[in-house]
Amino acid sequence: MATQEGPRRRSWRDRTNRAVHGATARVDGQTEDAARRAVTVIVPTVRLLRVPSLVLAVAPLPFLVATVVLGLAAGGTTGTMLAVVALVVALAPAAFAVRRLRLLRAVEEPEQLATELGIAVSLSDRVEEARGALTSIAGGGGLRFVSRLKGVWSGVGMTGRWIDGVDDLPRARWFVPPKIGTTVSITIATLWSVPISALLAFFTAVAAIAGSL
């Protein structure tokens, strides 16, 4: 199996690189310039958020682990249910950690990212609006960068052609619809998982103490 997987991955990369190279010719100078300016904001912002995003990903884990351990130790229906709920809540930070890794990998090669962003704009049925959204990305980063990134694309119509096209761009697809919207949803869910996991740990501790009395 391992010997077959390697050629398959190389073949997929080769097809992707050929597709990107072919689509690059359709990117006009204005779009290329907008993409490069957008990357000067995207790359340093994502790298700056490396540590805060890691903190967010691991913040709920101590509470969730405590809930599972105490819930199983307490036994009974209540303890078991709390442990199961904790495992369900853990799906949000787990998904966030995976998405964080993909975003970090996407900015490892800024030049290729800029090229793919330009291609993404050229795939839109409304190139002017898409280019305007790309230009507005260069307005600044910040902690709310992902939400802001979703907002600047809100005026760009998404068609099946757009979705299929950008999904073939391994770097740019994480910064354009529809995946940027999913990233926002995952981030919000992970933020909520912090207080929820703390409450779960508290109630599980109470249940464990009550069961031991």
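Coordinate-derived values only; no laboratory data. Everything numeric in this text was worked out from a predicted model, so none of it was measured. Every residue, glycine as well, gets a Cβ built from its backbone with ideal geometry; the counts of neighbours run over all protein chains shown.
At-a-glance table
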{"quantity": "Options P170, A34, L48, ranked by Cα towards positive dipole end of region 28-211, top entry (Cβ charges)", "calculated": "L48"}
{"quantity": "Label zone at F203 (point 7 Å along Cα-to-Cβ), backbone N below 19 Å, region 42-84", "calculated": "60-84"}
{"quantity": "For region 28-211: relative contact order, % (alpha-carbon pairs under 8 angstrom, 6 or more apart)", "calculated": "36 percent"}
{"quantity": "Percent of Cα-Cα distances greater than 19 Å, calculated over region 28-211", "calculated": "61 percent"}
{"quantity": "Virtual spin-label span in nm between A59 and W192, 7 Å along Cα→Cβ", "calculated": "1.5 nm"}
{"quantity": "Gain in span if fully extended, T159 to V84, counting 0.36 nm per residue against the direct Cα distance", "calculated": "23.1 nm"}
{"quantity": "Global geometry of region 162-213, whether rounded, prolate or oblate, following the gyration tensor of its Cα atoms and the 1.5 cut on a/c", "calculated": "prolate"}
